[in-house]
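What follows is a single structure, written as structure tokens, with notes after it.
The values are calculated or read from the model by the stated rules, or taken from the named source; none is laboratory data. All figures in this text were calculated on a predicted structure; none of them were measured in a lab. Counting neighbours? That spans all protein chains shown, and the Cβs are built from the backbone with ideal geometry, glycine included.
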Amino acid sequence: MKRSFFPASILAFSLCCAGAGHVIAQPLTGRPAGLGGTDTAALKAQALTEIQSQYSTYKQIAMQIWDYAEVGYKEVKSSGLLQKTLADNGFTVKAGVADIPTAFVASYGSGSPVIGILAEFDALPGLAQQAVPVKTPIEGKNAGHGCGHHLFGTASVAAGIEIKKLIAEKKLTGTIRVYGCPAEEGGSGKVYMVRAGLFNDVDIVVHWHPGDGNSVTLTSALANRSAKFRFHGLAAHAAAAPDKGRSALDGVESMDYMVNMMREHIPQETRIHYVITNGGKAPNVVPDFAEVYYYVRHPKKEEVVRIFDWVVAAAQGAAMGTQTTVDYEIIGGTHDLLLNKTLAADMQQNLQEVGGVSYTPAEIEFAQKIQSSFTYKVPAIETAAVVKPLKEDEDAGGGSTDVGDVSYTVPTVGLQAATWVPGTPAHSWQATACGGTDIGAKGMMVAAKTMALTAIDLFTDPILVAAAKEEFKKDKGDYQYKALLGDRKPALNYRD
């Protein structure tokens with residue numbers, strides 16, 4: 001089904017930026033009136049004003065989670081803060097869903113449509129960094145929000161609360177849900193939530209991600225399967241009795257060598273990376289245990305399975321050749337991202353209405369110092385204020401996300417907002433630093449507003465929802481979803 005996304009009317013709207021600086025003001029484009037003559041332009045104007053008025057509150061929440069910096073499945077305080085915020089605003093919160101202590105579903109309203117918003121909040125190990133434009137680790141800390149999930153979760157909660165207000169005021173009808181999704185960084189938290197059926201009755205899911213620019217997602221992600229391979233040998237004195245030992249580390253290194261030889265013979269789009277998490281304790285002791293943690297990625301989920309099985313064969317061969325034994329534990333597995341052009345076109349219109357982020361003179365100075373730490377050409381700082389045009393990209397990109405599993409269950413749409421200085425890569429100390437400042441908080445507000453406006457369209461325009469579902473059904477075809485991590489329980493200790 002093809003439909004037009006061009007507006008029927010335009011409402012001039014000036015956005016007040018007091019205290020927040022500073023989202024670019026643009027005309028607010030209205031949509032045709034929804035069921036019952038709903039004036040979507042008026043609802044959107046209200047949403048923009050009210051979300052902006054809570055800038056200080058949402059910034060404080062995000063910065064508290066930035067300070068907590070809890071890694072996957074350990075986000076007790078971070079998840080708890082978001083749950084409390086939602087409960088205090090009238091949501092019914094169910095915690096500990098899908099056998100994950102930090103996962104939750106917060107709901108308000110009743111009936112259709114059911115619109116879900118994804119929220120993340122896990123940090124990354126090894127990225128503790130002060131909110132300054134030079135590399136300055138935080139003493140006594142390890143983890144940091146180098147992927148901006150403290151902003152992610154907070155913006156999603158902000159959007160959910162605004163939609164709840166409109167439902168409470170009887171300006172919208174239906175159900176809004178905020179999904180608290182732990183351990184996106186390698187823990188595949190959403191996969192367990194999908195597997196538990198938590199999205200089965202949802203009509204549309206909306207999400208976002210921090211970044212260094214403003215755009216709607218029309219680029220897929222790499223499917224992924226990860227595992228820890230554990231080799232077992234025999235300990236012995238490495239000098240006096242080496243013949244009595246069998247080195248588990250030899251098993252790991254032999255496996256790594258064979259996998260590296262594989263790279264010539266697998267599709268070039270494949271990504272395989274690993275880290276030795278345990279290589280023994282002392283050079284003069286033949287290690288009786290060693291562990292290596294592997295990721296296998298490819299744009300197609302079927303290829304991930306095939307190549308991963310080859311990696312397993314390499315591990316088994318390495319064990320045979322070193323007279324050790326090996327076992328492995330699947331840690332995570334995610335699908336590629338099933339895109340929805342119908343929803344993307346609508347979200348693009350809303351992102352353009354919200355606009356990008358502008359910097360104060362002090363923030364420009366901060367940004368210049370951040371950019372000076374890079375060894376490559378970076379975009380102009382002013383591009384943070386630009387909304388990129390909607391453009392489909394056949395490249396699957398370089399990352400993986402458990403949002404992919406959600407997208408094979410329910411029509412899903414997302415955006416990226418400029419929470420980092422242009423040119424900043426994810427998973428870097430620079431991203432962590434930006435996320436601890438107003439630069440990050442302003443981008444967070446762009447995302448919150450865009451998701452709220454998109455949700456308003458979904459609540460008021462059943463034709464939009466129907467078109468998105470039709471596209472989803474066509475693109476998914478006869479594929480029956482099956483989690484790439486199998487039937488294992490959540491890997492709650494994968495960061496240990």
Being outside the structural domain of ALA433 (by TED's automatic domain parsing), at pLDDT 95 or above and crowded, with 22+ Cβ neighbours inside 10 Å: is that true of GLY279 here? no
Go through (1) β-branched (Val, Ile, Thr); (2) surrounded by fewer than 24 Cβ atoms within 10 Å (Cβ to Cβ); (3) within 23 Å of the chain's Cα centre (by Cα) for THR173 and report which single condition fails. (3)
Among the residues in region 460-476, are any touching a Lys or Arg at 6+ places or on another chain (Cβ under 9 Å) and of a type in the set (S, T, N, Q)? yes
Pair list, Cβ under 6 Å, 6 or more apart: region 277-293 residue farther than 14 Å from ALA315 by Cβ, other residue hydroxyl-bearing (Ser, Thr, Tyr): THR277/TYR293; VAL286/SER247; PRO287/SER247
Conditions first: (1) at positive phi; (2) over 18 Å from the mean Cα position of the chain (by Cα). ILE161 passes all but one, so which condition is the exception? (1)
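Results for (1) touching a Pro at 6+ places or on another chain (Cβ under 7 Å); (2) closer than 23 Å to PRO490 by Cα; (3) surrounded by fewer than 17 Cβ atoms within 10 Å (Cβ to Cβ), shown as yes or no for each residue.
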site: PRO182; (1), (2), (3): no, yes, no
site: TYR192; (1), (2), (3): yes, yes, no
site: VAL206; (1), (2), (3): no, no, no
site: SER220; (1), (2), (3): yes, no, no
site: ALA239; (1), (2), (3): no, no, yes
Going through region 403-433 in order, the residues found to be part of a helix (DSSP H, G or I) and within 17 Å of the chain's Cα centre (by Cα) are VAL403, GLY404, ASP405, VAL406, SER407, ALA431, THR432
Looking only at strands (runs of 3 or more DSSP E) that lie completely in region 84-136, which have at least 1 residues being of a type in the set (S, T, N, Q) and more than 19 Å from the chain's Cα centre (by Cα)? 92-95, 104-109
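Take region 155-189 and flag every residue that is among the basic types (Lys, Arg) and without any contact (Cβ under 8 Å) to a residue 24 or more places away in the chain.
Residue satisfying the conditions is LYS170 alone.
Return the residue satisfying two criteria in turn: it lies in region 213-222 and is part of a strand (DSSP E or B) and modelled with pLDDT of 95 or more, and of such residues it is farthest from GLY435 (Cα to Cα). Outline the logic, then answer.
In the first step, residues of region 213-222 are kept if they are part of a strand (DSSP E or B); the result is 214-216, 219.
After this cut, where a residue has to be modelled with pLDDT of 95 or more as well, the list is 214-216.
Details: ASN214: 16, SER215: 18, VAL216: 20 Å.
Here the residue is VAL216.
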Within region 219-261, track down each residue that is in contact with an Asp or Glu (Cβ under 8 Å, 6 or more places away or on another chain) and of a type in the set (Val, Ile, Thr). THR219, VAL252
Identify, please: which residue in region 214-246 is of a type in the set (Gly, Ala, Ser) and closer than 30 Å to THR102 by Cα and is, among those, farthest from the chain's Cα centre (by Cα)? ALA227
Count - residues of region 65-110 that are under 16 Å from LEU124 (Cα atoms) and surrounded by fewer than 19 Cβ atoms within 10 Å (Cβ to Cβ): 3
Quick one: ARG297 ticks every box in (1) touching a His at 6+ places or on another chain (Cβ under 8 Å); (2) buried (at least 24 other Cβ atoms within 10 Å of the Cβ) bar one, so which box is it? (1)
Within region 470-496, residues being touching a helix residue (DSSP H, G or I) at 6+ places or on another chain (Cβ under 8 Å) and basic (Lys, Arg) number 1
Is there a residue in region 459-480 that is surrounded by fewer than 23 Cβ atoms within 10 Å (Cβ to Cβ), among the basic types (Lys, Arg) and more than 28 Å from THR40 (Cα to Cα)? yes
Keeping to region 137-172, report how many residues are closer than 25 Å to GLN430 by Cβ and assigned to a loop (DSSP other than H, G, I, E, B). 11
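Yes/no matrix, rows are residues, columns are (1) within 23 Å of the chain's Cα centre (by Cα); (2) crowded, with 23+ Cβ neighbours inside 10 Å; (3) not in a loop (DSSP other than H, G, I, E, B):
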site: TYR328; (1), (2), (3): no, no, yes
site: GLY332; (1), (2), (3): yes, yes, yes
site: GLN349; (1), (2), (3): yes, no, yes
site: GLN352; (1), (2), (3): yes, no, yes
site: GLU363; (1), (2), (3): no, no, yes
site: PHE366; (1), (2), (3): no, no, yes
site: PHE374; (1), (2), (3): no, no, no
site: LYS391; (1), (2), (3): yes, no, no
site: GLY398; (1), (2), (3): yes, no, no
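Just to check your reading of the model, which residue among THR454, THR409 is closer than 30 Å to LYS482 by Cβ, of a type in the set (Val, Ile, Thr) and surrounded by fewer than 24 Cβ atoms within 10 Å (Cβ to Cβ)?
Working: THR454 fails: surrounded by fewer than 24 Cβ atoms within 10 Å (Cβ to Cβ).
Unique residue meeting the criteria: THR409.
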Exactly one condition in (1) within 30 Å of GLU471 (Cβ to Cβ); (2) not assigned by TED's automatic domain parsing to the domain that holds GLU471 is not met by ALA318; state its number. (1)
